1. Could you give me the ³J(HN,Hα) list for region 44-56, computed from phi with Karplus coefficients 6.51, -1.76, 1.60 and θ = phi - 60°, whole Hz, x at Gly and Pro?
2. Compute, for Cys111, the solvent-accessible surface of its heavy atoms (probe 1.4 Å) with the complete set of protein chains present, and express it in square angstrom to the nearest 10.
3. Positive end of the charge dipole of region 43-132 (Lys, Arg +1 and Asp, Glu -1 on Cβ, about the Cα centre): tell me which of Gly123, Ala45, Pro85 has its Cα farthest that way.
4. Would you mind working out the accessible area per residue for the chain, using a 1.4 Å probe, and quoting it in Å²?
5. Semi-axes, largest first, in whole Å: what does sqrt of 5 times each Cα gyration tensor eigenvalue give for the chain?
6. Between Leu126 and Ala82, what length comes free when the chain is fully extended (0.36 nm per residue of separation minus the Cα-Cα distance, one decimal in nm)?
7. Quick check: with the 1.4 Å probe, what order do Leu120, Leu133 take by accessible area, largest first?
8. When the expected Rg is taken as 2.2 N^0.38 Å, what fraction or multiple of it is the alpha-carbon Rg of region 61-110?
Amino acid sequence: CVVDRAGGVWCWGRGSDGQLGGGDTTSTSGPTQALSLPASAAVAAGGRHTCAVLADGRVFCWGANDAGQLGDGSTDGRAAPAEVPGVADVVAISAGAAHTCARQRAGAVFCWGANDAGQLGDGVSLQKTTPQLGRLTCP
């Protein structure tokens, strides 16, 4: 996935879990624009999900959600972008195979999703379906 100069998010490749954001589960070899997504600043693609940070600091995610990697409190996947509640003023986003982390402007780091190998950095091994403030604060 990439962010174009106007802030549009474009994805291509395997779309079987809705991770392309086009509202369906179609795979494509050409760019597909993520639906209903305002101007974005950054995008991160995980194993089967994708998240974007908007220019205003909000986070939107879509795709597979079996470990809570979309951050909406559920494990239901979706094929179109939806806002992640509980995080704001985000300036950076990172997605792993089935987890996501976001850094706020002030340096606080929030993570959610799979945590079987401690990938959320919270000192435990339990998955989180909503953003959790981690132990790390970045300058």
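1. Computed from phi, the couplings for region 44-56 are 9, 10, x, x, 9, 9, 9, 9, 10, 9, 7, 4, 8 Hz.
2. 10
3. The Cα lying farthest towards the positive end belongs to Ala45.
4. Details: 6420 Å² over 139 residues.
Computed with neighbouring chains in place, this is 46 Å² per residue.
5. Over the Cα atoms of the chain, the ellipsoid semi-axes are 23, 17, 11 Å.
6. On the way: separation 44, 0.36 × 44 = 15.84 nm, distance 2.38 nm.
That works out to 13.5 nm of additional length.
7. On the way: Leu120 10, Leu133 110 Å².
Listed by decreasing accessible area, they come as Leu133, Leu120.
8. Working: Rg = 10.8 Å, N = 50, 2.2 N^0.38 = 9.7 Å.
It is 1.11.
The values are calculated or read from the model by the stated rules, or taken from the named source; none is laboratory data. Quick caveat, the model's predicted, so the values are computed rather than measured. Cβ coordinates were reconstructed from backbone atoms using ideal geometry, including for glycine residues, and neighbour counts include every protein chain displayed. Please note that ligands, DNA and RNA were not included when accessible areas were found on the heavy atoms of the full protein model with its side chains. Shrake-Rupley method; radii C 1.70, N 1.55, O 1.52, S 1.80 Å.
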